[in-house]
Amino acid sequence: MAFHTVSSNTGPDDLKVYNTLTRTKETFVPLDGRRVKIYACGPTVYDYAHIGNLRTYVFEDVLRRTLELKGYEVFHIMNVTDVGHLTSDADTGEDRVEMSASRRGESAWKTAEFFAEAFFKDIGTLNIKRPHVFPRATQHISEMIELVQRLERKGFTYVTSDGVYFDTSRFENYGELTGQEAETLLPGARIEPNPEKRNPRDFALWKLTPSGVARQMEWDSPWGRGFPGWHIECSSMAMKYLGDTMDIHCGGVDHMPIHHTNEIAQSEAATGKEFVRHWFHCNHMIVEGERMAKSLGNFITLSEVVAKEYPTQALRLTYLTSHYRSQQNFTWRSLDASQKNWESLVGVLQRVALAGGEDDAGLDELIESTRLRFLDAIYDDLNTPKALAAVFTFVKEVNKLLAERGVGRKGAQRISNLLVELDQILGLGLNEAIEDRRIPGEILDMIVRREEARRNGEYGVADDIRAELGKRGYIVEDTLEGPLVKRVPKPP
Ligand code: AMP
Ligand code: ZN
């Protein structure tokens, strides 16, 4: 069953995105015109998300924002895995949520709820647009059982003493996503061979609660009391909300060889239709050469970044400095650099707000060429590093203009409009930062009067105004590009 055909009629404004399935950058065309159906594998809620996980979610967000900017109506689903994700990919080991709950000394339900809430908060903090639906695995057990029954009726399953398994030998294109040879064993399957499996690649659709084991999350099924396999969760929730075929399915690259490969097998076996037209995978964040992972204990959470007083926009900017298909090495130093760069973006917006001068004839051209360079980069497989290069060259040029000649009111407005427009993709909260730091009109008037005094050599007057500003809680810094006003931080 090979369903996919690569779209060919490309044009300059087309959005090209790499499709893992075809291993090519394809022009993205949604199945039904203007509506784009996206499924993203969500968190397994047994611990906090780490900043590696969040990298994947930020790039899924950049993809969504790009589609929306192009005028598509995006319907975005992200599941919450609150049961059934085992500690081993070979369908053995303990359930991560139940294990974490017993460590925390509370119920599995409470643990799942706690970490789901923490996750929602994290994605809000990183300015990730909230998916339209967050289906939870534990609320879709009957849909999962129905899907397993459907596969059973079609002869794709077999029952062992510990569960119901998918027979991968019955599915012709198994492993197509990563191009694995039918005979190769999957990495997870090599760990703990289960002698009852017909083929090491076969995977559990439903696991039976072993006798003598007390589980908190378990349900009755035609095969006995137990819980769903992790992969069937995503297939059933994806198909329930998006139909048999969806436009885009997202996740991190670690999901390609097992989780997504198995999702394809069971979904297409059940429906006989293509499950996903476009697979979008984000590469890993690494730390000292190793993948950032909860199991390796080398992970950093968003609250650690916040505790060190970095603006969270600096983390988001750090993600964007690498292409999503490349690995990204995390260092605190890169976060420092991003913090400076983010401040320079906010700084230029503040400076142009105070601008007084003549409009420059070359400004419109600079704005237009920046917009084009930015969009060309984004439409070319979300090339955020290249898009950021266009933005920072623009910032440099504007600062130069401010230092040399100043800009007029209209030009100032166009400069901030462009940055705010491009931020619809970047999501760096520029508008909010400006609102946050907005300076009241009377203070702006005082700054303008001080500038006039300085220009006229009335330094005593200028100093008095500065002192008065200080009393009202504002500091003025005289930079080459003009005055920069800041509110004096309130003592904690
Ligand atoms: P999990 O909660 O472990 O299922 O992971 C949530 C998402 O983060 C999945 O899409 C993973 O593929 C992805 N992911 C896991 N580790 C990393 C990492 N180090 N860098 C980027 N994404 C990751
Ligand atoms: Zn999934």
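Odds and ends about this structure:
- Residues within segment 240-265 that are in contact with a Lys or Arg (Cβ under 6 Å, 6 or more places away or on another chain) and of a type in the set (A, V, I, L, M, F, W, C), tallied: 2
- Which listed residue, of D47, D82, is open to solvent by 20 Å² or more (accessible area, probe 1.4 Å), on the phi < 0 side of the Ramachandran plot and either of a type in the set (D, E, K, R) or within 16 Å of ligand 2 (Cβ to nearest atom) (or both): D47
- Members of segment 298-322 found to be open to solvent by 30 Å² or more (accessible area, probe 1.4 Å) and more than 13 Å from ligand 1 (Cβ to nearest atom), listed by number: S303, E304, V306, A307, K308, E309, Y310, Q313, T321
- Contact map, segment 24-51: residues that are within 26 Å of R136 (Cβ to Cβ) paired with residues that are of a type in the set (D, E) and modelled with pLDDT under 95, Cβ distance under 6 Å, separation 6+ or inter-chain. Pairs shown: V45/D82.
- The one condition in (1) at positive phi; (2) in a helix (DSSP H, G or I) that G212 fails to fulfil: (2)
- Scanning segment 18-68 for residues that are closer than 24 Å to T331 by Cα, hydrophobic (A, V, I, L, M, F, W, C) and near ligand 1 (Cβ under 10 Å from one of its atoms) gives A49, I51, L54, V58, F59.
- Subset of segment 131-157 that is crowded, with 17+ Cβ neighbours inside 10 Å and either outside the structural domain of E113 (by TED's automatic domain parsing) or assigned to a strand (DSSP E or B) (or both) - its residue that is farthest from the chain's Cα centre (by Cα): T157
- For N127, the conditions (1) in contact with a Ser or Thr (Cβ under 9 Å, 6 or more places away or on another chain); (2) assigned to a helix (DSSP H, G or I) all hold with the exception of (2).
- Screening I443 against (1) in a loop (DSSP other than H, G, I, E, B); (2) at pLDDT below 90; (3) open to solvent by less than 10 Å² (accessible area, probe 1.4 Å) leaves a single unmet condition, (1).
- Boolean, N53 is within 19 Å of the chain's Cα centre (by Cα), away from ligand 2 (no atom under 16 Å from the Cβ) and modelled with pLDDT of 95 or more: no
- Look at (1) within 16 Å of ligand 2 (Cβ to nearest atom); (2) open to solvent by less than 30 Å² (accessible area, probe 1.4 Å) and you find that R96 fails only one, number (2).
- Residues that are touching a residue at least 12 places away in the same chain (Cβ under 8 Å) and not in a loop (DSSP other than H, G, I, E, B) were ranked within segment 98-112; the one that is nearest to R215 (Cα to Cα) is E98.
- Check on I232, buried (at least 24 other Cβ atoms within 10 Å of the Cβ) and within 16 Å of ligand 1 (Cβ to nearest atom): yes
- One residue from I425, I434 being part of a helix (DSSP H, G or I), open to solvent by less than 10 Å² (accessible area, probe 1.4 Å) and not hydroxyl-bearing (S, T, Y): I425
The values are calculated or read from the model by the stated rules, or taken from the named source; none is laboratory data. Bear in mind that the values here come from a model prediction, so they are computed numbers and not experimental data. Using ideal geometry, Cβ is built from the backbone for each residue, glycine included, and neighbour counts are taken over all protein chains shown. Accessible surface areas use protein heavy atoms only, side chains included; no ligands, DNA or RNA. Shrake-Rupley method; radii C 1.70, N 1.55, O 1.52, S 1.80 Å.
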